[in-house]
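Trainee: One structure follows; several queries about it will come next.
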Amino acid sequence: MTTPARKQYLRIKSQFPDAILMYQVGDFYETFDEDARIAARELQIVLTSRQYGGDGERVPLAGIPLHALDNYVGKLVHRGYKVAICEQVGEIGKGVVDREVTRILTAGTLSEPNLLPARQNNYMVAIAPGRAHTGLAVVDVSTGEFQVTWFETAEMPVALDAELQRLDPVECLLAEGHEKQSYHFPTKTVTITACPPSFFQPEAARERLCKLFGVQTLEAYGCAHISQAVAAAGAIVAYLEKMNGNLLSLLTGLRSYRTTSYMALDAHTQRNLELLQGTRSGTLHGSLLSVLDRTITAMGARQLRKVITQPLLDLSLLSDRLSSVEELFESPALRSRFTMCLQAFSDMERIAGRVRQGTAVRNEVFGLRDNLALIPQLRSQLLGCNATLLQQLAEEMDECEDVVSLIDRALMRSGEEDEDGDDGRLIRPGYHAELDELFASIKDSRRWMVTLEMRERERTGIKSLKVGFNKVFGYYIEVTKANLKLVPEDYMRKQTLVNAERFITPELKEHEARILTAFERIEEMERSIYADVLRQISVQYNRLIETARAVAWVDVLLSFAVVAAHQGYVRPVLEQGHGLEIVEGRHPVVEATLDGDVFIPNDTELDADNATRILLLTGPNMAGKSTYLRQVALITLMAQIGCFVPARSARLGLVDRIFTRVGAEDDIAAGKSTFMVEMEETATILHHATQHSLIILDEIGRGTSTYDGLAIARAVVEHLHDVTQARTLFATHYHELSALADELPYLKVYTMAISEDANGIVFLHRVRPGSAGRSYGVYVARLAGMPLSIIRRAEEVLGHLEQRPSPVLSLDAPSTNGRRVKQVAEAPSRYEWQSEEARELATRLEQGEDVDLDLLDVYAITPLDALNILFLWQKKRSKQRIR
């Protein structure tokens, strides 16, 4: 027979079958059945069992203490589980206590500071695909950030994949029936949540959003005309309403944005340039962010991540940013003053969110108050600057004097004593008259309690007598057993211990009742008053958030200035046009990781309109080609986020997109080989690049045979030169492509310089005009520690192959642009002719004589002899045509 308590649990659990139910039982949260097995396994806690009912069946059970909820729930949520918190809401002692689920926690609905990465946003997204558009809504409930964008069909899936890479969401909402495999997320740990299709119904979503914001139309939010954008944003609102309705109070507005307003960085480029995390480490180490992040506040760190992945296309905005950085860069004293001020800031943005939800604790509220008290000083410093942006940020800051005054009047800091020496009060005396009266009513009793121990020692003669209190037994007088003979008659036994007895007196009981009754009322009243204080502060939420975000921007600009000063960066010159001139450029990440070594700088000059449209870079492995290519891309990106750059000087025409094709990776799950992935990435670049783009290609065509790869690489170079006309850096091991410099007027050939002598080669890491005469793969294999026997054999094979003629240019074929394309072929070498007739004919062909092939008796020679004769004849004819 099932007990009433078990029935209650099963009823509530049936409403949340996909969540782990944390069911409050006194001072513990218990899990049962399969939930208990999961909790025990994931949290490494004890799995036990308990009998419910008279049938003898034992139910699996695993519990955690009430005070440890956040820690344990955080572990479950970060591992992809949904957790429902079921709390006791009814009065204890009257049958089965009433319980209800107060909130459901998922990866994207966490707002507790100790469960979130402080220096990174915790984004949840919703995707609403459609025929004309795909909508993408984004929310971070810990900061109140709520945004929406959309992509036209022609932009899909590249633009959406790029935005998902930038946002790195922890949870994604999809309508039931849509598969995760349709989208590419940067991490495998993202939680995919299937929602009812009604969440994404455009009209219902529109009504939901209008109701939330108290408006009749969404015109003011910039997305009213895009039904799929409205659907995605409305789905987030519906989901939060279901999970934890209190979170909706944080969403005070919706910002529409278009990714086309920023430099486009597809997902491959973001990874290849290692903007937010190193490819090998999978962490901050080795990333551009690790170099540029000298932010002091958590909110500044989060803003910097957004800035790095959203380079600007507006010269005016960039000029304002760079001027601000320049002013801070040029004044160490100014940087020092801003640094000292920002060091006193806590995470004002997330604290404001917790105040809005009514969950902020006292120390957080005073942290907010102390932040606001710093705003006048920070504003004064900003207003004293010349840069327009710094002055604008000062104007966006609100000192919120009313909030500071309210906190000072209403609350007492933890440990602060009132005029009576009491340090246990939450609400400051004088703020609430009824509460003050309650404290006054027990003032005499509390004073009586303070002096009781001294009085009783004198009355009884028991020097070791103690007066104490605990929550279970209340106030008591404790006497050791050795002194029990001295206990007065009016002492009534209350509790027996091993070495002592505890007593109470009628007078003590009277004062205890008065104090405890009053304190119950005081605790209840303080909770109510504190909640009201939070509500009053939350009315100013928008002012607080705008101020916090202005502080975050100051932190970002200061970080740029500090890095520039420490690393020797310079202000870039930005302009419209297709030029790119970098003098003594350096790779910011590689330079920062050098331990005492000096980074070898290199120049770069590209101009899509004039001399150099494509820079073809040859050279051996390990010589620094990839570093050079990436440093040009990173310098360009840094300039367009408003940061100084690692160079002696830099003049850059604005870039609308940076594309990179770097490295070799496959996609086994999708059935794609390394070469297929390489070709898909290259195709994406060729379809989407414009004349304003910057293209970085590191090895095209290496995943197939030499001739196929060389042919593809050449065709790509010609297309970029003649059709795309974008600024391009093309690194290759196909040094045969160097011959293109004679045919393509805007292509220049460079190589990575090396020094070679009897002892081997030395990589000089310098870019110079010219082409690499050969490859150095075997030498690099030796440096890598390849077994010596393999190195020797490889050198033998290489020597044999190098005696054969290199691929030559022959057989003219028309190209799409009207030029003659020279196809690749290879001549026979050291071939042993099978007949004297064939040998004689081959000798005459190689000497350039005219030969009548009709005289050749094909029945008297082998098929291989015939093929080689045909090759030599074609080669001779080709040379005649070229002349």
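The values are calculated or read from the model by the stated rules, or taken from the named source; none is laboratory data. None of the values given here were measured: they were computed from a predicted structure. For neighbour counting, all protein chains shown are included, and Cβ atoms are generated from backbone atoms with ideal geometry for every residue, glycine included.
Trainee: For Leu115, are the conditions met, namely being surrounded by 14 or more Cβ atoms within 10 Å (Cβ to Cβ), at pLDDT below 95 and of a type in the set (A, V, I, L, M)? Step through it out loud before you land on a result.
Mentor: Values: surrounded by 14 or more Cβ atoms within 10 Å (Cβ to Cβ): yes; at pLDDT below 95: yes; of a type in the set (A, V, I, L, M): yes.
Judged against the criteria, Leu115 is a match.
Trainee: Does at least one position in the stretch 590-602 carry a residue that is in contact with a strand residue (DSSP E or B) (Cβ under 7 Å, 6 or more places away or on another chain) and outside any strand (DSSP E or B)?
Mentor: yes
Trainee: So, one more: Considering only residues that are touching a strand residue (DSSP E or B) at 6+ places or on another chain (Cβ under 7 Å) and either polar (S, T, N, Q) or assigned to a loop (DSSP other than H, G, I, E, B) (or both), which ones fall in the stretch 622-640?
Mentor: Met622, Ala623, Gly624, Ser626, Gln631, Thr636, Gln640
Trainee: Quick check, is Ala194 crowded, with 20+ Cβ neighbours inside 10 Å, touching a strand residue (DSSP E or B) at 6+ places or on another chain (Cβ under 7 Å) and of a type in the set (A, V, I, L, M, F, W, C)?
Mentor: no
Trainee: May I pose another question? Would you please name the residue that is modelled with the lowest pLDDT, looking only at residues in the stretch 81-93 that are of a type in the set (Gly, Ala, Ser) and either assigned to a loop (DSSP other than H, G, I, E, B) or on the phi > 0 side of the Ramachandran plot (or both)? Break it down stepwise before answering.
Mentor: Step one: of the stretch 81-93, the residues of a type in the set (Gly, Ala, Ser) are 84, 90, 93.
Checking which are either assigned to a loop (DSSP other than H, G, I, E, B) or on the phi > 0 side of the Ramachandran plot (or both) leaves us with 90, 93.
On the way: Gly90: 79, Gly93: 67.
Per the stated criteria, the residue is Gly93.
Trainee: Looking at Met263 and the list (1) crowded, with 20+ Cβ neighbours inside 10 Å; (2) over 19 Å from Ile696 (Cα atoms); (3) not small (Gly, Ala, Ser), which single condition is not satisfied?
Mentor: (2)
Trainee: Quick check on the stretch 476-528: of everything there that is out of contact with any Lys or Arg (no Cβ under 8 Å at 6 or more places or on another chain), under 25 Å from Glu458 (Cβ atoms) and touching a residue at least 40 places away in the same chain (Cβ under 8 Å), which residue is surrounded by the most Cβ atoms within 10 Å (Cβ to Cβ)?
Mentor: Applying the filter and picking the extreme gives Leu508.
Trainee: What pairs come up if the first residue lies in the stretch 97-109 and is over 21 Å from Val139 (Cα atoms), the second is in a loop (DSSP other than H, G, I, E, B), and their beta carbons are under 7 Å apart, counting only those six or more places apart or on different chains?
Mentor: Sorted first by the residue in the stretch 97-109, then by its partner, the pairs are Val97/Gly90; Asp98/Val89; Asp98/Gly90; Arg99/Val89; Glu100/Val89; Val101/Phe16.
Trainee: Separate question: Got a number for residues in the stretch 356-408 being outside any helix (DSSP H, G or I), in contact (Cβ under 8 Å) with a residue 12 or more places away in the chain and of a type in the set (A, V, I, L, M, F, W, C)?
Mentor: Result for the stretch 356-408: 5.
Trainee: May I ask you to say which residue of Thr106, Thr143 is farther than 20 Å from Ala264 by Cα and over 16 Å from the mean Cα position of the chain (by Cα)? Explain how you work it out, then say what you get.
Mentor: Values: Thr143 fails: over 16 Å from the mean Cα position of the chain (by Cα).
Step by step, each of Thr106, Thr143 is checked, and only Thr106 is farther than 20 Å from Ala264 by Cα and over 16 Å from the mean Cα position of the chain (by Cα).
Trainee: Moving on. From the set of residues in the stretch 52-80 that are small (Gly, Ala, Ser), farther than 19 Å from Ser111 by Cβ and modelled with pLDDT under 90, which is surrounded by the fewest Cβ atoms within 10 Å (Cβ to Cβ)?
Mentor: Checking each candidate, the answer is Gly56.
Trainee: Could you list, in sequence order, the residues of the stretch 279-308 that are without any contact (Cβ under 8 Å) to a residue 60 or more places away in the chain and closer than 12 Å to Val589 by Cα?
Mentor: Listed by number, the residues that qualify are Leu284, His285, Leu289.
Trainee: Give Ala518, Ala548 a once-over and let me know the one that is touching a helix residue (DSSP H, G or I) at 6+ places or on another chain (Cβ under 6 Å) and modelled with pLDDT of 95 or more.
Mentor: Ala548
Trainee: Does Val59 qualify as being in a strand (DSSP E or B) and in contact (Cβ under 8 Å) with a residue 40 or more places away in the chain?
Mentor: When the stated conditions are applied, Val59 passes them.
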